[in-house]
Each structure stands twice: as C-alpha cells, then as structure tokens.
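Everything on this sheet refers to the single structure shown next.
Laboratory data are not the source of any read-out in this text; all were calculated from the coordinates shown. In this text, all values refer to a predicted model and were calculated from it rather than measured experimentally. Don't worry about glycine lacking a Cβ; one is built from the backbone with ideal geometry, like all the others, and counts go over all protein chains shown.
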Amino acid sequence: MKIKLLFLCIIFVLISILYSQAQLKYPATKKVDQIDNYFGTIVSDPYRWLENDNSEETKTWVQAQNKVTFEYLEKIPFKNKIKERLTKIWNYPKYSSPFKEGNKYYFYKNDGLQNQSVLYVQDNLTSEPRVFIDPNKFSEDGTIALTTLSFSNKGEYLAYGLSYSGSDWKELFVMKTSSQEKLNDHLKWIKFSGASWYKDGFFYSRYDEPKKGEELKKKNEYHKVFYHKIGTDQSEDKLIYEDKSKPNRNFYASTTEDERFLILYLSEGASGSNAFMIKDLLNESSDFIPIITEFSNQYSIIDNIGEKLLVLTNKNAPNKRLILIDPKNPKEENWGVIIPEKTEVLQEATIIGGKIITSYMKDALSHAYVHSTNGKFEYEIKLPALGSLYGFSGKKEDTTAFYTFTSFTFPTAIYQLNVNTGESKLFRAAEIDFDFDDYETKQIFYESKDGTKVPMFIVHKKGIKLNGKNPVYLYGYGGFNIGISPGFNVSRMILLENNGIFALANIRGGDEYGEDWHKAGMLLNKQNVFDDFIAAAEYLFREKYTSRDKLAIVGGSNGGLLVGAVINQRPELFKVAIPAIGVMDMLRYHKFTIGWAWVSEYGSSDDSIHFNNLYTYSPLHNIREGLDYPATLVITADHDDRVVPAHSFKYISTLQEKYKGKNPVLIRIETRAGHGGGKPTSKLIEEQADIWSFIFYNLGIVPKY
C-alpha cells in the first residue's frame, strides 16, 4: 500500500512539474541600445537600465518577476510540509561561546526561532543570565541586526553597531554597561569597520555620507579613520587618517589589548593582502610608523608581547607563520620567528593565559595547538571529531579559554579549555530533533582537469546504495582566500533525511592549502575553479553517487559566480542550479559599492589582458541560445550593497530571453534583506523552504513528510 501511495505521489509531482513549466510566462523585460567598446570588442548591455534599483520601472519589474516566481513556488505540493519540518528542526536553543569583559561574562543566545540572537550578561559562569541587548525589540520583522560589539578595556562601556535590512552600512551606539543606559552617542555611515577603544573613546572607519538614493549602489571611496570621544557629537570626531590620493584604499584601526599600540591596516583589495603602520600611544603626538608598505602579503597583529608585536603573516610562508616585529627595528632582517611555517595552514592565533593558541587547517580539517610565548610547543588540543574549530575567546591574563566545534553532522558545541593543564571539556551542547548517528561523512580526493588532487567531503545516510539515483546537493565557493571547512547547517538536514547526499568540493581559490591554493584559482587562473567544480560533478557520476538528472549545484556570492559560469560551460551536467547573490557581470562589478576591492581577485575589464579573461567566463556574457540549461532559481535581495542586485537582475533577464527550453529559470528577490548577514530567522526559513522545494520538485523527489 505504501509503495503504491509513493508511486502515485511521484506521478502527481511529475505531472504538476510539466503543468507548471507549460504555464510559465516570464515578464517582458525591455531592452535598450547600450553598447560598450572594450579594446575593440563590442559588448551589448541591453539591460543596463536595471542597474538603477531606485527607479519605478525597476521596482515594477521586481514585482512582476517575484509574482511569477512565488506563484510557481506556491504550486509545489509539498512546499508547506518542507517549511513545517524546517521550522521544527530549526527550533532549538543556539549559543555562542561566552566571553569575559570587565568582571562579567557575555554570550549570545537564540531560543530557537527568534529572528535575532539576544546578548546576555551574567556575573559568573554559573549565575543566572540576564538580557543585555535584545535586537528583536528594535523592529517588528527582525530586520535590524546587532553587529559590531566592542567593550572598553575595563568593560565599563560598550560600543555596538546596528545594521538595517541586511545592508553593510551600520550605525554605532554607546552603552554604559553597569546601568545598561544607552548614551546619546550616535555614529553613522560606517562600513568595514570595528570600534577599537582607547581611553574614553574609540577609533572607527567611515565614508562620507552618500547622496540620497545612492546609498546601496554608489562606489565606496575615500575611507577615513576617526576617533570618537564618549559624550560628543559625531561632527566633533577627530580625523586620524585619510589619503585623498587613494580613493580605492580601505583603512582599519585596531588597538592592542593593553592600548599601548594603535595599528592602522591599509588594504587595496579583498584577497587579504595588506600593509600596516603603527603608533605608540605612550606618545599620542607621534606620527604613524610605516612597518609594511607594500601590498603583496597578509599581516595580522595578534597582540603585543611587551615592546614587540606578534604578527601572523604569509610573507615568505604561503602556509603562514608567526613572527615578532620590533617597531623600533622593523626591517625584515630583524624579524624573529616564533612559530615557523608548517605543511598545514596556520589560520588563527591568539594569546590567552600567557600562551599562544593556534588553529591550523589540514585537508580542510581543524587542528589546534598550544605554545609558550617564545614558540615552544606544549600540547595539542584534542578535538571531539573531524571538523572545524572556531575562535578562541579569552584575555591575556585568563587561564580559561572557550571555543566552538562543529561538523556536518555535529551541531555547534562549546568547549572550555584550561590553558595551564590542557584539559578541554564540553561546556554546552546543542539539542536538536535529529538522529545524527544514522549518517556518515567521508573525505575523498578526486582529480581535476589538469591533474590536481582536490578534496571533497561527502555526507549521507549510512548504508546508502550507490546506484546513480541519489539526489545530490553539490556546494562550492573557490575564491578570496576563503577555505570552506565542515560545519553544521540545520537546513541541510532536509536533504539528508530524504536520502539525499551533501557534497562539498574544496576547489582552488580558497586557503585550504595556503596562498598557493588561493593563487591557483584567482585572476588569470580562475578557470581552474570552474574545472575543479565540474570535475567534482563528474566524480560523483563516475562513482555512482548520482546522475545528471539528480544533481543540484549551489553557491553564493563568489559561489554564485561559480554556478553561473559552470552552467554556461557544461549545462548538460546539472539538473538544478541555485546561483545566490552572485557576481554575474564580470565587466562592471567594480563600478558598484565595494566591488573595486575585488579587482585583486578577478582583475578588471579596464585592463585588456584581464578583460579578455573575464569575458571568457562572465556568467552574464556567456549565456547562449541553444543550450539546455538546468532549472535555475537565482537568489538576490534588494538591500544587498555588497554584490548589488543588478548582477542578478541582468543575468536572469538575459537567461529568460535566450533560453528556450522547458526548465524554469526564475529569480527570487528578497525584500528588506542584504548579502546575508543579519537576516532574520523567519526570512531564512522562508528562503530555505523555497530553495529545497524548488530543488526537490525539479529533481522529481517527493519528500517523506
């Protein structure tokens, strides 16, 4: 009886798919006579008008596209069941690691379905927590998020940031912690900045106020560093640093824990390379001392050890090392090596309890070690499983550190480390309605087009049959020196409990194997990223995990570019594609907001060599008639001021124009949301329910709910 019922459900889904595709009629999108001449190559841009996201014409177009998309999604017979299941498994308490400020402990908690996590305070680790800041009270729909959080040295004051509707812009406020009194301080037009305390104020970075209507698309130029003194108006803030000759340069100010040194980072791109200078705050009137002036490598000051600076860098060490720089003798020949480069990639380091705690990545898996401040190895921190470790919290004088650990089937857990003894114990674990013992994770290595071995994680139910008929969700990123390691995502449980397989390909462009791995997937080497991802799909076919008719590919931001590029190059491999918040117009990306910072990663169409390279893979410019594109759901948001929605608007317009097949090619445009940060839980569940419904529907999979 159950088999017969399942068969009838599958027939119903297949019939409804054919019906819905036959009824799809995309909105008419006008074309304009816009052409550009790139070094003799004429490039048409007929949907340029969609770059004006504030025009009534664009708003009408957005409404029309969303109408078609949401009508399609609402016809999926099991969509509400998926949303109900998502809501149920999402509804469990989620905690951050506790961190000590002054004589209090703070942590974030989400009861389960709260739109935003709440900041709590407690007198000690066993006392009753009290609500400190609840961002859910700032808006009815949960679209105001708590971002920057920076306590003064003794914990007396807190500078905190709020972002609105997912925008990268944030506003800073100040609170007196003892009374939880919000002061009158209100700072605006802040982006890509923290708040670094010094005495009775803090350093921060901002841009000039943009013209009305251009806040979410205007190119971000002329970053400046200011010092704000508590109790004063922002107009009185002291300008600390600017460079009027370098509009495309960002500045980030940071102080050491003891407020001895002010570090000023300078960056010209988003790939991590930077320069820096310092000021000894024992002499406030002194000038900044340039330490690193070129932008060829990465430098991050961990803290000071007395008069010297402990620095994490990949200078002459693609896998990074820890060095000691004396500001009075900063030349490279005077650097001291504290922890030399290893075969693993050194990702983070921090000083807690008079020890240096380091976390490394080996084959995209975390390892952690403790050293003395002179670099002598003391012990390895035993992690509970193969997975990912995130951020040690603690002060220099603390003997207790906290860290979080997670993996694909290991919900984020918090551990407490006694730095002196090396004892690590579970502090808090998540309780979720899911039986993780039924699932397994394996790591394989497959061969890419040029013979490079690429790691891939594969997660599925134990005992699954490799018959080429399993639904597979293949994810990749491949860029900006960002490695993707195992992590828990509650939404993926929808796939796993319906006999699906999750696959994560650690393609080139990230930092899984250090700077060499990154460089192998950037600039003129970008095609390696796409080849690696295509080879991952071919491996899954070859080993009978799945077939073309059961493969969905997903990626966001730079990963959205990845998805857009590979379905142009090899559309026959994929049944469903989800390019989310993607960089789709590689010829004009650098003209909006912070896009100029990506030139170091992609190259610019203003350069003839890089234009020729970008033009070969730009998702927007390589959509061709006659190709059998997969069912495609483009995801974007109206307040995304990092990858502006015009990328997705122009891309879907071109795809709908040129693709003549039967698969749906749609766009889902979220309102009052941005690039993803701070998105409320309600919107996350709605979006994920839509995505899983679209994937299952077009793979012909009937969920068991």
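By the scheme Lys and Arg +1, Asp and Glu -1, what is the net charge of all other residues having a beta-carbon under 12 Å from that of Pro703?
After counting each charged neighbour, the total is +3.
Where nothing but the Cβ of Lys and Arg (+1) and of Asp and Glu (-1) is charged, how large is the charge dipole of segment 180-295 around its Cα centre, in debye to the nearest 20?
Magnitude of the dipole: close to 540 debye.
Which one, Ala537, Ala413, Ser300, is farthest towards the positive end of the dipole of the chain when Lys and Arg carry +1 and Asp and Glu -1 on their Cβ?
The Cα lying farthest towards the positive end belongs to Ala537.
If you only keep lysine pairs separated by 8 or more in sequence, or across chains, how many in segment 467-581 come under 20 Å at the Cα atoms?
Lysine pairs meeting both conditions in segment 467-581 amount to 5.
Just want the ordering: Met586, Met522, Met361, from fewest to most Cβ atoms lying within 10 Å of their own Cβ.
Result, fewest neighbours first: Met522, Met361, Met586.
Per Stokes-Einstein, at 37 °C and 0.692 mPa s, what whole-number D in µm² s⁻¹ belongs to segment 339-394, with the Kirkwood radius over Cα pairs as the hydrodynamic radius?
The Stokes-Einstein estimate is 284 µm²/s.
Taking the alpha-carbon distance from Lys425 and a cut-off under 21 Å, which lysines remain once sequence neighbours fewer than 8 residues away in the same chain are dropped?
Here the lysines satisfying the reach criterion relative to Lys425 are Lys94, Lys100, Lys109, Lys355, Lys382, Lys395, Lys396.
Tell me, what is a quarter of the convex hull surface for the C-alpha atoms of segment 584-705, in nm² with one decimal? Provide the component values of the computation, followed by the final result.
Details: hull surface 36.7 nm².
Result: a mean projected hull area of 9.2 nm².
Using all Cα-Cα distances in segment 435-560, what percent lands in each 10 angstrom bin from 0 up to the longest?
Percent of pairs per bin, in order: 13, 46, 31, 9, 0.
Taking segment 116-275 as the region of interest, what is the percent of Cα-Cα pairs per 10 angstrom bin, listed from the shortest bin to the one with the maximum distance?
Final binned percentages: 10, 35, 36, 16, 3, 0.
Note the full-extension length gain between Tyr379 and Lys67 as 0.36 nm times their separation in residues minus their Cα-Cα distance, in nm to one decimal.
106.5 nm
For a test of the definition: using alpha carbon positions, the gyration tensor, and the 1.5 limit on a/c, classify segment 342-441 as rounded, prolate or oblate.
Judged from the Cα gyration tensor, segment 342-441 comes out oblate (a/c at least 1.5, b/c at or above a/b).
Mind pulling up the Rg/Rh value for segment 175-216? Radius of gyration and Kirkwood radius, both on Cα.
Expressed as Rg/Rh, it is 1.07.
Would you please calculate the Kirkwood hydrodynamic radius of segment 414-465 over all C-alpha pairs and express it in Å, rounded to one decimal?
Details: mean 1/r = 0.0666 Å⁻¹.
That comes to 15.0 Å for segment 414-465.
Compute the acute angle (0 to 90°) between the alpha-carbon long axis of helix 646-658 and the principal axis of greatest extent of the alpha-carbon atoms of the chain; round to the nearest 10°.
Long axis of 646-658 versus the principal axis of the chain: about 20 degrees.
For segment 303-370, rounded, prolate or oblate, judged on the Cα gyration tensor with a ≥ b ≥ c (square roots of eigenvalues), a/c < 1.5 rounded, else prolate if a/b > b/c?
oblate
If you add up the charges near Leu262, with Lys and Arg at +1 and Asp and Glu at -1, over every other residue whose beta carbon is less than 14 angstrom from its beta carbon, what do you get?
Local charge sum for Leu262: -3.
Could you tell me how far the Cα centroid of segment 356-382 sits from the Cα centroid of segment 427-498, in Å?
Between the Cα centre of segment 427-498 and that of segment 356-382, the gap is 26 Å.
How large is the charge dipole for the chain, taken about the Cα centre, if only the Cβ atoms of Lys, Arg (+1) and Asp, Glu (-1) carry charge, to the nearest 20 debye?
2040 debye
Need one number: the % of Cα-Cα pairs in segment 61-129 sitting beyond the 13 Å mark.
Of all Cα-Cα distances in segment 61-129, 74 percent exceed 13 Å.
7 Å from Cα along Cα→Cβ at both Phe541 and Asp516: what's the point-to-point distance in nm?
Those two pseudo-labels are separated by 3.1 nm.
Quickly work out the His186-to-Arg570 label distance, labels modelled 7 Å from Cα along the C-beta direction, and quote it in nm with one decimal.
So the label points at Arg570 and His186 sit 5.5 nm apart.
Using the alpha-carbon atoms, what tilt in degrees (0 to 90, nearest 10) does helix 79-90 show relative to the longest principal axis of the chain?
20 degrees
Which pairs, out of Lys211/Lys679; Lys191/Lys218; Lys191/Lys315, put more than 22 Å between their alpha-carbon atoms?
On the way: Lys211/Lys679 26 Å; Lys191/Lys218 13 Å; Lys191/Lys315 28 Å.
Checking Cα-Cα distances, Lys211/Lys679; Lys191/Lys315 exceed 22 Å.
Set the Förster distance to 22 Å, then compute FRET efficiency between Thr41 and Leu524 from the Cβ-Cβ distance, nearest 0.05. Provide the component values of the computation, followed by the final result.
Values: r = 17 Å, r/R0 = 0.79.
Between Thr41 and Leu524 the formula returns 0.80.
Kirkwood Rh, segment 227-315, all Cα pairs: how many Å? Don't jump to the answer; show the numbers that get you there.
Values: mean 1/r = 0.0701 Å⁻¹.
Kirkwood hydrodynamic radius for segment 227-315: 14.3 Å.
So between Asp438 and Asp233, what do we pick up on full extension, going 0.36 nm a residue minus the alpha carbon distance?
Working it through step by step, the gained length comes to 68.0 nm.
Grab the Cα-Cα distance for Asn52 and Ser179, subtract it from 0.36 nm times how many residues apart they are, and report the gain in nm with one decimal.
Value of the extension gain: 41.1 nm.
At a 10 Å Cβ-Cβ cut-off, how would you order Thr343, Thr616, Thr632, Thr406, fewest neighbours first?
Thr343, Thr616, Thr406, Thr632
Please report, in whole Å³, the volume per residue of the convex hull around the C-alpha atoms of segment 385-481.
Per residue, the Cα convex hull of segment 385-481 comes to 175 Å³.
Which whole-number percent is the relative contact order of segment 214-357 (Cα, under 8 Å, 6+ apart)?
12 percent
Whole angstrom only: what separates the Cα centroid of segment 30-82 from the Cα centroid of segment 237-259?
If we compute the Cα centre of each part, the gap is 39 Å.
For the pair Phe288 and Gln122, how long in nm is the line joining their label points, each one 7 Å along Cα→Cβ?
Taking the two extended label points, one gets 4.2 nm.
For n ≥ 4 DSSP H runs only, could you compute -39500 (n - 2.57) per run for the chain, divide by its residues and tell me the 222 nm figure to the nearest 500? Could the numbers behind the result be given before it?
On the way: 11 runs with 137 residues, N = 705.
About -6000 deg cm²/dmol.
Over segment 166-279, what relative contact order in percent results from Cα pairs under 8 Å that are six or more residues apart?
19 percent
In a solvent-free Debye calculation with one equal scatterer on each Cα, what is log10 I(q)/I(0) for segment 10-149 at q = 0.09, 0.11, 0.15, 0.17 Å⁻¹, listed in the order of the q values?
-0.62, -0.79, -0.94, -1.01
How large are Rg and Dmax for the chain when calculated on the C-alpha trace, in angstrom?
25.6, 84
Tell me, Kirkwood radius of segment 210-367 from alpha-carbon pair distances, in Å? Each step should come with its number before you reach the end.
Details: mean 1/r = 0.0571 Å⁻¹.
Averaging 1/r across every pair of different Cα atoms and inverting gives 17.5 Å.
Does segment 658-705 come out rounded, prolate or oblate by the C-alpha gyration tensor, with a ≥ b ≥ c the root eigenvalues, rounded set by a/c under 1.5 and, if not, prolate when a/b is larger than b/c and oblate if not?
The shape class here is oblate.
Treating only the Cα positions of segment 179-260 as identical point scatterers, give the base-10 log of I(q)/I(0) from the Debye formula at each q in 0.21 Å⁻¹.
-1.04
Work out the FRET efficiency for Glu84 and Glu214 from their Cβ-Cβ distance, taking R0 = 60 Å, and round it to the nearest 0.05.
0.90
May I ask you to derive the relative contact order of the chain, considering only C-alpha pairs under 8 Å and at least 6 residues apart, and to give it as an integer percent? Don't skip to the end; give the middle numbers.
Numbers: 1645 pairs, mean separation 87.0, N = 705.
Taking the mean separation of contacting Cα pairs over the length of the chain, I get 12 percent.
Could you work out the per residue convex hull volume over the alpha carbons of segment 497-630, in cubic angstrom?
That works out to 121 Å³ per residue.
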